[in-house]
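**Q** One structure coming up, written as structure tokens, with questions to follow.
The values are calculated or read from the model by the stated rules, or taken from the named source; none is laboratory data. Treat the numbers as computed from the prediction; the structure is a model and nothing was measured. Quick reminder, even Gly has a Cβ in these numbers, built from the backbone with ideal geometry, and neighbours come from all protein chains shown.
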């Protein structure tokens, strides 16, 4: 009797639940790309420090350092070094994009390369970025340029990094110069990449430079990054007045917001409460600040920030979403975040142990659709050293995009992370995120396509794009 | 369901045994604000958190068995709560155990102890939190307050009971209520529910079950 009652209740709740569950057979049978509109941006993402090679910045310094117990800061003991040498192999990388049939490319410009000292400006490097953006456009690939993707010039970090108010002035001046130089080739801008990740990993978990474990500093840095975004947006609107693609708008400004599904580990009140607290801080505070123009950050008993930031409200034309995974959240009072995050045994994971949960992308796209802004998936990918599981990953996440669009979410683009295997920050070179693998030991840094390339090409064809042979 | 039957049998058996004990002088315990009680309830829990675009919610079947026993005022209160998610691929099942010790007088009672929660597969597997509950009788009304009551599920509450009905305010924003529908002098049906909001998190739970009041034994009596 009771078993039947619970089964009936379960079925009733499942029927009422708005949480999706994708059927792999349906995903594989769907002609992905056909449900996307003309003009949808289908591309890949990279970041300067992870692919260019030869950058000297705060991260390069960090990579050479060690933890007090002698372990290197980078798990596999590598340093970014020459990376995939994309600084010198951009033409080759563009051919890979053409092979994919991509019509967009998100890359970042490296502040430390452009301004290695406070009083210098590398016009040669700026000209090279300019030529990249022009060459991309000539090939029908829309450039989307990120201005800050985790790395700082060493002179900025030595002066206090994002904790120092002076960094705001320096960043704004840097953005103004980039906007002036690239404005004639670029309409799509991403001011800051993942401010929440940078603040948490650098200032709360201490796993990234500057290696601090300080909740107050973490909240301060996150608020400073939001202010930096507002300042950057102001400069872009002022200095980039060229409407490159002729759509009537000279700038399309956004930021890339990293989101994670926070699943309460159990039904206990405390697990539910810490999951809610984590979601509010990590997923909600950035879009909420943009929506209201106020930065509100609170960690009970530790820190509370509530301040208005000039020009923050209405500063973006699109919200970039970087989505990878779901975390289970369990209360643990011994951690500064009051919780531990983990993935239970038995779940399908990538090589870094992140759960594969494509439904989460759908949930975030439909959730942020409420903001009333266009959405772009600025990053989504998986570490897969064999490359065999990436095709379904790509399919299932594009399926999530199409499902979200069908529900009314205004999703305008999808950028796969990443074009190439690259330097995955504290994880080093071990994780393989590339649609194209890279033989780092070969002098030519040989690029080889993985099985997901043909999946990407098929989606591109369905979208009306033409992958090159 | 098995635990409900067990509870009925136990309550009835203890009542019958107390009634059969005609040879000895009947033991009349001194009046106290609490009497012995055991209960077993089944119910439904919905918990999650809200955000700008909606909410994340999980539903669970709940089973709660517990009670308190008085040894000449010295009070032992224990409860076991299991939560089983109703949908696969979401949260984990969990079992919580609360053991609280204290003292119950004529007008007041205080018990405190840990709530130990185990959830598999979780990291950490086991968590421990403190729990406390206090009662004070004021005429026909019993006032009560607690922290992480109901085996850790109710964050904090202050309330009052009158007869078979109880109401409470759950901090920071919520309510709790219970009612007992008598079946006999020593057994009844208990309906218990609460709902609250804590930051962006919210939880609501409704349980229905049997409650019984075994008679007190004479202090030091082995039976």
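Condition check ((1) more than 22 Å from the chain's Cα centre (by Cα); (2) within 30 Å of residue A:199 (Cα to Cα)) across all residues:
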{"position": "A:93", "(1), (2)": "no, no"}
{"position": "A:113", "(1), (2)": "no, yes"}
{"position": "A:116", "(1), (2)": "yes, yes"}
{"position": "A:139", "(1), (2)": "yes, no"}
{"position": "A:155", "(1), (2)": "yes, yes"}
{"position": "A:161", "(1), (2)": "no, yes"}
{"position": "A:174", "(1), (2)": "no, yes"}
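**Q** Does residue A:319 satisfy being part of a strand (DSSP E or B), over 30 Å from residue B:60 (Cα atoms) and away from chain B (no Cβ under 11 Å)?
**A** yes
**Q** I've got another one for you. Using the structure shown, decide if residue A:423 is more than 21 Å from residue A:188 (Cβ to Cβ), more than 12 Å from chain B (Cβ to nearest Cβ) and surrounded by 22 or more Cβ atoms within 10 Å (Cβ to Cβ).
**A** Against the criterion (more than 21 Å from residue A:188 (Cβ to Cβ), more than 12 Å from chain B (Cβ to nearest Cβ) and surrounded by 22 or more Cβ atoms within 10 Å (Cβ to Cβ)), residue A:423 qualifies.
**Q** I've got another one for you. What's the number of the only condition in (1) in contact with a strand residue (DSSP E or B) (Cβ under 6 Å, 6 or more places away or on another chain); (2) buried (at least 24 other Cβ atoms within 10 Å of the Cβ); (3) farther than 28 Å from residue A:58 by Cα that residue A:405 fails to meet?
**A** (2)
Yes/no matrix, rows are residues, columns are (1) surrounded by fewer than 24 Cβ atoms within 10 Å (Cβ to Cβ); (2) in contact (Cβ under 8 Å) with a residue 60 or more places away in the chain:
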| site | (1), (2) |
| --- | --- |
| A:401 | no, yes |
| A:431 | yes, yes |
| A:441 | yes, no |
| A:448 | yes, no |
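**Q** Looking at region A:330-339 only, could you name the residues that are closer than 12 Å to residue A:262 by Cβ and either surrounded by fewer than 16 Cβ atoms within 10 Å (Cβ to Cβ) or at the interface with chain B (Cβ under 10 Å from one of its Cβ atoms) (or both)? Break it down stepwise before answering.
**A** Quick first cut of region A:330-339, residues closer than 12 Å to residue A:262 by Cβ only: A:330, A:337, A:339.
Of everything in region A:330-339, just one residue is closer than 12 Å to residue A:262 by Cβ and either surrounded by fewer than 16 Cβ atoms within 10 Å (Cβ to Cβ) or at the interface with chain B (Cβ under 10 Å from one of its Cβ atoms) (or both), namely A:330.
**Q** With B:127, B:203 as the choices, which residue is closer than 19 Å to residue A:276 by Cβ, within 14 Å of chain A (Cβ to nearest Cβ) and either in contact (Cβ under 8 Å) with a residue 12 or more places away in the chain or not in a strand (DSSP E or B) (or both)? Break it down into steps so the answer makes sense when it comes.
**A** Values: B:127 fails: either in contact (Cβ under 8 Å) with a residue 12 or more places away in the chain or not in a strand (DSSP E or B) (or both).
Going through B:127, B:203 in turn, just one is closer than 19 Å to residue A:276 by Cβ, within 14 Å of chain A (Cβ to nearest Cβ) and either in contact (Cβ under 8 Å) with a residue 12 or more places away in the chain or not in a strand (DSSP E or B) (or both): B:203.
**Q** Do any helices (runs of 4 or more DSSP H) entirely within region A:104-205 hold 1 or more residues that are within 30 Å of residue A:341 (Cβ to Cβ) and in contact (Cβ under 8 Å) with a residue 60 or more places away in the chain, and if so, which?
**A** Here the list reads A:154-158, A:166-182, A:195-203.
**Q** Which condition number in (1) in contact with a helix residue (DSSP H, G or I) (Cβ under 9 Å, 6 or more places away or on another chain); (2) within 14 Å of another protein chain (Cβ to nearest Cβ); (3) closer than 20 Å to residue A:283 by Cα; (4) modelled with pLDDT of 95 or more is the one that residue A:343 fails?
**A** Only one criterion in (1) in contact with a helix residue (DSSP H, G or I) (Cβ under 9 Å, 6 or more places away or on another chain); (2) within 14 Å of another protein chain (Cβ to nearest Cβ); (3) closer than 20 Å to residue A:283 by Cα; (4) modelled with pLDDT of 95 or more is unmet by residue A:343, namely (1).
**Q** A follow-up question, please. For region B:134-154, which residues satisfy the criterion of being more than 17 Å from residue B:75 (Cα to Cα), touching a strand residue (DSSP E or B) at 6+ places or on another chain (Cβ under 6 Å) and within 14 Å of chain A (Cβ to nearest Cβ)?
**A** B:147, B:148, B:152, B:154
**Q** When you check residue B:111 against the structure, is it in a helix (DSSP H, G or I) and closer than 20 Å to residue B:176 by Cα, yes or no?
**A** Spelling it out, it is not the case that residue B:111 is in a helix (DSSP H, G or I) and closer than 20 Å to residue B:176 by Cα.
**Q** Could you grab me the full set of residues in region A:359-372 that are touching a residue at least 60 places away in the same chain (Cβ under 8 Å), over 17 Å from residue A:280 (Cα atoms) and touching a strand residue (DSSP E or B) at 6+ places or on another chain (Cβ under 9 Å)?
**A** Correct list: A:359 only.
**Q** Related question: What about residue B:64, is it crowded, with 20+ Cβ neighbours inside 10 Å, within 9 Å of chain A (Cβ to nearest Cβ) and closer than 30 Å to residue A:21 by Cβ?
**A** Considered against the rule, which asks whether it is crowded, with 20+ Cβ neighbours inside 10 Å, within 9 Å of chain A (Cβ to nearest Cβ) and closer than 30 Å to residue A:21 by Cβ, residue B:64 comes out as no.
**Q** Now for a different question. Return the only residue of A:58, A:85, A:69 being surrounded by fewer than 16 Cβ atoms within 10 Å (Cβ to Cβ), modelled with pLDDT of 95 or more and out of contact with any strand residue (DSSP E or B) (no Cβ under 8 Å at 6 or more places or on another chain).
**A** On the way: A:58 fails: surrounded by fewer than 16 Cβ atoms within 10 Å (Cβ to Cβ); A:85 fails: surrounded by fewer than 16 Cβ atoms within 10 Å (Cβ to Cβ).
Being surrounded by fewer than 16 Cβ atoms within 10 Å (Cβ to Cβ), modelled with pLDDT of 95 or more and out of contact with any strand residue (DSSP E or B) (no Cβ under 8 Å at 6 or more places or on another chain) holds for just one of A:58, A:85, A:69, which is A:69.
**Q** Among what's in region B:104-124 and is within 14 Å of chain A (Cβ to nearest Cβ) and closer than 18 Å to residue B:156 by Cβ, pick the residue that is surrounded by the fewest Cβ atoms within 10 Å (Cβ to Cβ).
**A** Top of the filtered list is B:114.
**Q** Now for a different question. Going by what's in this entry, would residue B:89 be described as facing another protein chain (nearest Cβ under 8 Å) and either farther than 30 Å from residue B:56 by Cα or surrounded by fewer than 16 Cβ atoms within 10 Å (Cβ to Cβ) (or both)?
**A** Here the answer is yes, as residue B:89 does meet what is asked.
**Q** Regarding residue B:101, is this residue within 14 Å of another protein chain (Cβ to nearest Cβ), without any contact (Cβ under 8 Å) to a residue 40 or more places away in the chain and in a strand (DSSP E or B)?
**A** Details: within 14 Å of another protein chain (Cβ to nearest Cβ): no; without any contact (Cβ under 8 Å) to a residue 40 or more places away in the chain: yes; in a strand (DSSP E or B): yes.
So residue B:101 does not fit the description; no.
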